[in-house]
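Comments concern the structure below.
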Amino acid sequence: MDLIILSGLLIITFGISIGSYLKLLTTYNKYKKIDNVKSVSGCEVADKILENNNLEKVYVVEIKGDLEDHFDTNRNVIRLSSHVFHQTSLSALVVAANQCAKAIKNRRKSVLLKINNLLEPIVKVIIYLSYIIFVFAIITHSKSYLTLAVLIMFFTVLFHLFSLKIEDEIANRASLELKKGKLIDKNEYDDVKILMKSLSLKPLASLVTLIVSLINNFFRR
């Protein structure tokens, strides 16, 4: 593959991922400093939404790290980072609601979500593999391995672009649950919408968040 095309793909790939990561991080950190009007923690929000949807068998647990929150479909567990679990910020409220929406969609056997959940861990492994190939290509000055690494990264970003529809559905469901459960004030609707939009970018930011996660785990040892 031509070096100009390869460079272009690499710039586009990391441009999308870095842009998404920065948008997500700046929005999350901004609302992390603002308490929600109802003064409810992320854990309380999650418990309330799960109760309202008869999902008592879904458990909520605390984990370390920022933006590591996720719904574990295999164990039926919502894992919330320490800030989200304990604090009453708007960020904590929205992240908790977002993960609960995934649990609700999972119970309703959403085909798109099931396909996404099936492919997501595979895509993560592929991203890790692409980094290894990328480093190996630089060390060995191999153009073919470099091409392979860049193409893998590019197609993982494409995959996440297609998954944005699922993320939008989850965000809409989460917003509905917050309003239905009277967990937010009318004055917070716009801020919640902004936060939900930024959270939907999380998959696109995966190329960067995986690196950040690896670095954080390394320094925690």
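The values are calculated or read from the model by the stated rules, or taken from the named source; none is laboratory data. Worth saying up front: this structure is predicted, and the values here are computed from it rather than measured. FYI the Cβ positions are ideal-geometry reconstructions off the backbone, even for glycines, and counts take in every protein chain you see.
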Residue selected from the stretch 117-139 under the condition surrounded by fewer than 18 Cβ atoms within 10 Å (Cβ to Cβ) and among the hydroxyl-bearing types (Ser, Thr, Tyr), by the criterion nearest to Ser41 (Cα to Cα): Tyr128
Residue by residue through the stretch 48-73, note down the ones that are surrounded by fewer than 18 Cβ atoms within 10 Å (Cβ to Cβ), part of a helix (DSSP H, G or I) and touching a residue at least 12 places away in the same chain (Cβ under 8 Å). Asn52
The stretch 99-112, subset crowded, with 18+ Cβ neighbours inside 10 Å and in contact with a strand residue (DSSP E or B) (Cβ under 8 Å, 6 or more places away or on another chain), residue nearest to Glu169 (Cα to Cα): Lys102
Scope the stretch 134-177; condition closer than 20 Å to Asn53 by Cα and either touching a Pro at 6+ places or on another chain (Cβ under 8 Å) or of a type in the set (Gly, Ala, Ser) (or both); matching residues: Glu167, Ala171, Ala174, Ser175
Which residues, taken from the stretch 14-41, are outside any helix (DSSP H, G or I), under 29 Å from His160 (Cβ atoms) and either free of Cβ contacts under 8 Å to residues at least 60 places away in the same chain or touching a His at 6+ places or on another chain (Cβ under 7 Å) (or both)? Lys33
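Here's the yes/no breakdown for (1) surrounded by 14 or more Cβ atoms within 10 Å (Cβ to Cβ); (2) of a type in the set (D, E, K, R); (3) at pLDDT 95 or above:
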{"site": "Ile78", "(1), (2), (3)": "yes, no, yes"}
{"site": "Ser91", "(1), (2), (3)": "yes, no, yes"}
{"site": "Ala97", "(1), (2), (3)": "yes, no, yes"}
{"site": "Ile115", "(1), (2), (3)": "no, no, no"}
{"site": "His141", "(1), (2), (3)": "no, no, no"}
{"site": "Ile152", "(1), (2), (3)": "yes, no, no"}
{"site": "Thr156", "(1), (2), (3)": "yes, no, no"}
On the given criteria, is Glu44 loosely packed, with under 15 Cβ neighbours inside 10 Å, of a type in the set (Asp, Glu) and either touching a residue at least 60 places away in the same chain (Cβ under 8 Å) or part of a helix (DSSP H, G or I) (or both)? no
